[in-house]
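Below is one structure, written out as structure tokens, with a few remarks after it.
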Amino acid sequence: MRKRVLVLGGNFGGLTAALAVKHELEGDVDVTVVSKDDHFLFNPSLIWLPFGKRDRGDVTFPIGPTLDNHDIDFEHHAATGVDAEAKQVQLDDGRSLGYDYLVIATGYRNKTDVVPGFRENAVTITTLPEAERAGEQWKKFLDDPGDVVVAATQGAGCFGAAYEFLFNTSYQLKKAGLRDRVKLTYVTSEPFLGHFGIGGLPHGEQMLGMFLGKENIQSRINVGIEHVDEGALALGSGETLPFKYAMVVPPFLGQDFLLDSGLADEKGYVKVRDTYQTEKYDDVYAVGIAAAVDVPWTTPTPVGLPKTGFPTEAMAHVAAKNIASQVKGEVPSAEKAFGDIKAVCVMDAGNNGVIILADKMLPPRKHGVLIPGPQAHLMKLGFEKYFLWKMRHGYVTLP
Ligand SMILES: Cc1cc2nc3c(=O)[nH]c(=O)nc-3n(C[C@H](O)[C@H](O)[C@H](O)COP(=O)(O)OP(=O)(O)OC[C@H]3O[C@@H](n4cnc5c(N)ncnc54)[C@H](O)[C@@H]3O)c2cc1C
């Protein structure tokens with residue numbers, strides 16, 4: 001009997017895990033992907049949507065044909081529950097699917113109640129519909145400009161996106177001839193500029209400080225947000241920042257349906273070992289943002305961890321290798337703790353940027369470097385095209 005692998009989620013983690021397990025076992029396994037969305041989304045490009053540099057069609061592709069080409073079944077449904085004892089997953093149409101091995105790669109949702117007024121009075125770019133809404137608001141802003149605030153709340157982890165949006169905003173304001181008329185402010189829970197939720201990198205604080213100075217961007221560091229009112233952001237420090245446009249990055253949470261599964265912590269993140277098997281079940285894995293990773297420090301204002309695309313893919317490959325070992329009757333031995341995965345990221349700044357490289361996601365590190373310059377912007381453009389091509393064709397063994 002061929003073993004059945006069920007993968008929940010069809011984005012960075014899920015698509016990679018499904019294709020990689022098929023590859024590891026040279027096709028000799030039944031794989032099914034269950035995903036709420038029937039499209040792959042290249043989330044890193046969401047920073048460009050509000051400015052009309054990309055639209056939905058540029059940053060997504062349908063996953064059905066990709067899975068079909070690799071002999072993987074696709075269920076376009078949301079999972080609503082997991083019974084790990086019975087090895088069953090419930091779907092939103094009332095059916096249950098059984099499995100021999102399960103990979104949970106259901107990613108994140110926004111913690112929308114992090115700050116009162118966040119949903120009503122600010123925009124965000126962390127999901128496709130919200131990035132589109134941020135674009136509609138940006139068009140209105142251009143007709144009636146004023147101060148702009150870009151913020152990452154207490155507990156947020158996706159700081160890279162906040163910085164990218166900040167510098168892209170500055171660039172777009174210049175292009176629109178508005179830069180001199182608009183006060184642009186960055187508000188962050190990071191303890192220092194360039195912390196990025198990963199403890200910072202050598203010279204990062206100075207470099208980010210220099211960039212902000214050069215772009216005439218004000219900053220409020222190590223501060224939480226109390227509430228967002230119509231046209232004003234109230235900070236934990238007591239200060240109020242008026243705005244005509246505010247983009248706020250909230251913290252992420254795991255998916256609701258995992259909360260009662262006995263697999264997840266109180267945020268809905270699944271607790272895993274370094275093999276990406278869950279703490280309790282050898283046959284259940286979790287990868288990407290769905291996997292719980294402890295924040296290894298306490299900061300005066302709480303910050304989260306950025307679980308980016310590169311570690312998500314790395315986790316999915318580790319899980320696929322281990323499932324293949326288990327199917328072959330071997331002990332799953334691939335391991336890579338989140339903190340030990342390389343940090344590889346490009347931060348775009350409109351026509352410029354910074355390449356971020358480190359030997360480990362989390363300190364202590366041996367090497368970490370930030371390489372600024374226009375080549376970073378070109379690299380991000382090239383990487384977007386390359387990554388969408390790679391995933392659309394299912395070439396997950398490519399870097
Ligand atoms: C604005 C922004 C910018 C970013 N920029 C970068 C960057 O420059 N570089 C970088 O490396 N990373 C970046 N990231 C992070 C990167 O997007 C994540 O690492 C990646 O999306 C994680 O993939 P994932 O598969 O774990 O989760 P997700 O991308 O969240 O995918 C989850 C999948 O699960 C599905 N799903 C959800 N609930 C269910 C359910 N109940 N049942 C079935 N399916 C479900 C969803 O439909 C989706 O297909 C950025 C993220 C954001 C938001």
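Any read-out appearing in this document is the output of simple, stated calculations on the displayed coordinates, not a laboratory observation. Bear in mind the structure is a predicted one, so any value in this text is a computation, not a measurement. Every residue, glycine as well, gets a Cβ built from its backbone with ideal geometry; the counts of neighbours run over all protein chains shown.
Given 10 Å bins starting at zero, what is the percent of C-alpha pairs of the chain in each, up to the one with the largest pair distance?
Spelled out per bin, shortest first, that is 5, 23, 32, 25, 12, 3, 0.
Can you work out D for region 118-250 in µm² s⁻¹ from Stokes-Einstein, where Rh is the Kirkwood radius over C-alpha pairs, the temperature is 4 °C and the viscosity is 1.567 mPa s?
Calculated translational D: 88 µm²/s.
Report the Cα centroid-to-centroid distance between region 96-146 and region 192-222 in angstrom, as an integer.
25 Å
May I ask you to order 63-73, 99-109, 191-201 by the average number of other C-beta atoms within 10 Å around their residues, highest value first?
99-109, 191-201, 63-73
In the neighborhood of ILE125, defined by Cβ-to-Cβ distances under 10 Å, what is the net charge if each Lys or Arg adds +1 and each Asp or Glu adds -1?
That sum, taken over residues with Cβ under 10 Å, equals -2.
Rank the residues ARG365, ARG273, ARG95 as a footprinting-exposure proxy: fewest other Cβ atoms within 10 Å of their Cβ go first.
Ascending Cβ contact count within 10 Å gives the list ARG95, ARG273, ARG365.
With a cap of 16 neighbouring Cβ atoms within 10 Å, and only residues DSSP puts in a loop, list the chymotrypsin sites (Phe, Trp or Tyr not before Pro) found in region 318-398.
Listed in order of number, the matching sites are TYR395.
Sketch the reach of a paramagnetic label on THR298 as a point 7 Å from Cα along Cα-to-Cβ, and name the residues of region 119-158 whose backbone nitrogen lies under 16 Å away.
Once the point is set 7 Å along Cα→Cβ of THR298, 155 turn out to lie under 16 Å by backbone N, inside region 119-158.
Check the straight Cα-Cα distances from LYS22 and name the lysines below 26 Å, setting aside those fewer than 8 residues away within the same chain.
LYS3, LYS36, LYS87, LYS271, LYS280, LYS307, LYS321, LYS328, LYS336, LYS342, LYS385, LYS390
Which of the GluC sites (Glu not before Pro) found in region 1-100 are in a DSSP loop and have at most 16 neighbouring Cβ atoms, other than their own, within 10 Å?
Here the sparse-neighbourhood loop sites are GLU26, GLU85.
Beta carbons within 10 angstrom, averaged per residue: use that to sort the peptides 160-172, 349-361, 275-287, highest first.
160-172, 275-287, 349-361
Taking 0.36 nm per residue of separation and subtracting the Cα-Cα distance, what length does fully extending HIS76 through LEU381 add?
106.8 nm
How do CYS345, CYS158 line up, fewest other C-beta atoms within 10 Å first?
Fewest-to-most ranking of CYS345, CYS158: CYS345, CYS158.
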